[in-house]
Amino acid sequence: MMTILGFTAFAALFLAQQGLLGAASPTAPTSDAAAASELNTLATALGWKYFGSATDNPELTDTAYVAILSDNGMFGQITPGNSMKWDATEPERGTFTFSGGDAIASLAEGNGQLLRGHNCVWYNQLPSWVSSGGFDAATLTSIIQTHCSTVVGHYKGQIYSWDVVNEPFNDDGTWRTDVFFNTLGEDYVGIALEAASGADPAAKLYINEYNIESAGAKQTALLNLVQSLQSAGTPLDGIGFQCHFIVGEVPTDLQASLEKFTALGLEVAITELDIRMTLPSTDALLAQQKTDYESVIAACRAVSGCVGTTIWDYTDKYSWVPSTFSGQGAACPWDENLVTKPAFDGIVSALS
């Protein structure tokens with residue numbers, strides 16, 4: 001197998017020859033760890049189920065990118081960024097399309113990688129027929145059941161875990177006032193989880209949320225929801241901690257936060273990790289980013305019920321951050337030229 005160092009040099013040379021890479025050269029510096037260490041190999045040796053990356057369909061035409069993504073020693077798991085969401089899978093009521101999700105599922109299967117499903121029910125990226133349909137409670141219940149059971153059922157046996165419900169809370173711990181909560185109250189969560197469980201009993205079922213990585217109202221609200229679901233006998237296996245952090249601002253109580261949920265008998269995972277900075281990047285910011293990545297991975301490693309970590313795409317080339325947070329970026333462990341950054345070494349250090 002070509003090493004990542006060797007592949008990166010080859011890819012840089014090829015792209016430069018094609019006029020697609022400006023200043024990069026085949027001798028662009030990379031870390032020794034990139035050549036010697038593969039993240040999923042290190043993670044599974046510790047007992048984790050995977051170290052993974054998100055991806056998205058448009059970037060699958062980038063052969064240099066796909067070659068690194070497809071190395072199952074580096075990434076043992078893939079999450080589709082957008083192609084399994086509601087607007088992509090059921091754009092019109094009762095009309096399901098799976099081509100985007102199938103492409104990523106096929107890639108993962110061919111690479112021998114686990115697949116996480118993302119997601120079933122979310123307030124965002126909803127087609128207007130759902131968000132503005134004016135449905136009564138019984139009808140919306142049926143719509144949720146049909147959507148979750150159809151999507152999860154389509155991928156039955158192919159997916160390790162599903163983010164069944166995504167981001168149900170506001171940062172102050174109140175429920176988001178979306179079409180689901182406004183019509184059904186908090187019952188919509190259980191409706192979705194039950195439908196997903198029925199469609200694929202072997203898949204792990206998650207609630208996925210951000211800003212629960214430190215103690216506060218939002219974390220408390222989710223802990224209370226978990227206990228309510230458990231009291232009702234609703235299937236729930238895990239909590240996803242998104243961990244979209246800012247350099248220098250990783251919560252010091254991340255490990256304790258993870259442990260609050262494992263204490264309730266759930267597994268946890270870091271599902272969408274990136275650590276952004278205000279641009280331009282500097283040596284000092286990159287050094288702090290390295291420390292921050294190491295801290296996050298170490299927190300998961302210290303918690304026996306933390307099963308893995310997924311970075312929210314491995315390269316700055318395809319990061320969502322610059323288009324969402326003006327003036328910020330450089331959030332991933334690989335740069336825009338697919339060369340590892342000090343952050344990569346921080347991950348290796350935490351896993352070694």
Selection over the stretch 292-337 where residues are over 19 Å from Glu38 (Cα atoms) and either of a type in the set (Phe, Trp, Tyr) or not in a helix (DSSP H, G or I) (or both) yields a count of 16
Note on Val303: of the conditions (1) in contact with a helix residue (DSSP H, G or I) (Cβ under 7 Å, 6 or more places away or on another chain); (2) touching a residue at least 60 places away in the same chain (Cβ under 8 Å); (3) open to solvent by less than 20 Å² (accessible area, probe 1.4 Å); (4) not aromatic (Phe, Trp, Tyr), unmet is (2)
**Item:** Test for Asp274: is it outside any strand (DSSP E or B) and of a type outside the set (A, V, I, L, M)
**Value:** no
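Residues are listed down the side, and each one gets a yes or a no for (1) under 22 Å from Pro58 (Cα atoms); (2) open to solvent by 50 Å² or more (accessible area, probe 1.4 Å):
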{"site": "Phe241", "(1), (2)": "no, no"}
{"site": "Leu258", "(1), (2)": "no, no"}
{"site": "Thr278", "(1), (2)": "no, yes"}
{"site": "Lys290", "(1), (2)": "no, yes"}
{"site": "Ile297", "(1), (2)": "no, no"}
{"site": "Thr315", "(1), (2)": "yes, no"}
{"site": "Gly329", "(1), (2)": "yes, no"}
{"site": "Asn337", "(1), (2)": "yes, yes"}
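Of these, Ala64, Ala24, which one is more than 21 Å from the chain's Cα centre (by Cα), modelled with pLDDT of 95 or more and surrounded by 17 or more Cβ atoms within 10 Å (Cβ to Cβ)?
Working: Ala24 fails: modelled with pLDDT of 95 or more.
The match here is Ala64.
Hey, any hits in the stretch 149-168 for a residue that's among the polar types (S, T, N, Q), closer than 23 Å to Gly94 by Cα and open to solvent by less than 10 Å² (accessible area, probe 1.4 Å)? Before you say what the answer is, go through the steps one by one.
Filtering the stretch 149-168 for residues among the polar types (S, T, N, Q) gives 149-150, 158, 161, 166.
Applying the additional criterion that residues be closer than 23 Å to Gly94 by Cα yields 149-150, 158, 166.
Next, from what is left, pick out any that are open to solvent by less than 10 Å² (accessible area, probe 1.4 Å): 166.
Yes; the residues of the stretch 149-168 include at least one that is among the polar types (S, T, N, Q), closer than 23 Å to Gly94 by Cα and open to solvent by less than 10 Å² (accessible area, probe 1.4 Å).
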Taking the stretch 133-170 and keeping residues part of a loop (DSSP other than H, G, I, E, B) and free of Cβ contacts under 8 Å to residues at least 40 places away in the same chain leaves Gly134
(request) Answer yes or no: is there a residue in the stretch 67-77 that is among the polar types (S, T, N, Q) and open to solvent by 20 Å² or more (accessible area, probe 1.4 Å). (result) yes
Those residues of the stretch 48-61 which are under 17 Å from the mean Cα position of the chain (by Cα), of a type in the set (S, T, N, Q) and either under 14 Å from Lys317 (Cβ atoms) or in a strand (DSSP E or B) (or both) amount to Ser53, Thr55
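What tally of residues in the stretch 339-352 results from selecting those that are assigned to a loop (DSSP other than H, G, I, E, B) and crowded, with 20+ Cβ neighbours inside 10 Å? Outline the logic, then answer.
Here is the first cut: in the stretch 339-352, the ones assigned to a loop (DSSP other than H, G, I, E, B) are 339, 341, 352.
With the extra rule that they be crowded, with 20+ Cβ neighbours inside 10 Å, the set shrinks to 339, 341.
Matching residues across the stretch 339-352 total 2.
From Asp178, Asp171, which residue is charged (D, E, K, R), over 19 Å from Gly238 (Cα atoms), at pLDDT 95 or above and touching a Lys or Arg at 6+ places or on another chain (Cβ under 6 Å)? Break it down into steps so the answer makes sense when it comes.
Numbers: Asp178 fails: touching a Lys or Arg at 6+ places or on another chain (Cβ under 6 Å).
Among Asp178, Asp171, only Asp171 is charged (D, E, K, R), over 19 Å from Gly238 (Cα atoms), at pLDDT 95 or above and touching a Lys or Arg at 6+ places or on another chain (Cβ under 6 Å).
Give me the residue from the stretch 78-123 that is of a type in the set (Ser, Thr, Tyr) and assigned to a strand (DSSP E or B) and, out of that set, most open to solvent (accessible area, probe 1.4 Å). Show your work before the answer.
Kept after step one, since they are of a type in the set (Ser, Thr, Tyr), are these residues of the stretch 78-123: 79, 83, 89, 95, 97, 99, 106, 123.
From the residues that got through so far, the ones that are assigned to a strand (DSSP E or B) too are 79, 95.
On the way: Thr79: 1, Thr95: 64 Å².
If we take residues in the stretch 78-123 being of a type in the set (Ser, Thr, Tyr) and assigned to a strand (DSSP E or B), then Thr95 is most open to solvent (accessible area, probe 1.4 Å).
For Thr310, state whether it is out of contact with any Lys or Arg (no Cβ under 8 Å at 6 or more places or on another chain), β-branched (Val, Ile, Thr) and open to solvent by less than 40 Å² (accessible area, probe 1.4 Å).
Values: out of contact with any Lys or Arg (no Cβ under 8 Å at 6 or more places or on another chain): no; β-branched (Val, Ile, Thr): yes; open to solvent by less than 40 Å² (accessible area, probe 1.4 Å): yes.
Against the criterion (out of contact with any Lys or Arg (no Cβ under 8 Å at 6 or more places or on another chain), β-branched (Val, Ile, Thr) and open to solvent by less than 40 Å² (accessible area, probe 1.4 Å)), Thr310 does not qualify.
The values are calculated or read from the model by the stated rules, or taken from the named source; none is laboratory data. Note that the coordinates shown come from a computational prediction; the quantities given were computed from them, not determined experimentally. Backbone-built Cβ (ideal geometry, glycine too); neighbour counts: all protein chains shown. Ligands, DNA and RNA are stripped out before the accessible areas are found, and what is left, the full protein with its side chains, is counted by its heavy atoms. Shrake-Rupley method; radii C 1.70, N 1.55, O 1.52, S 1.80 Å.
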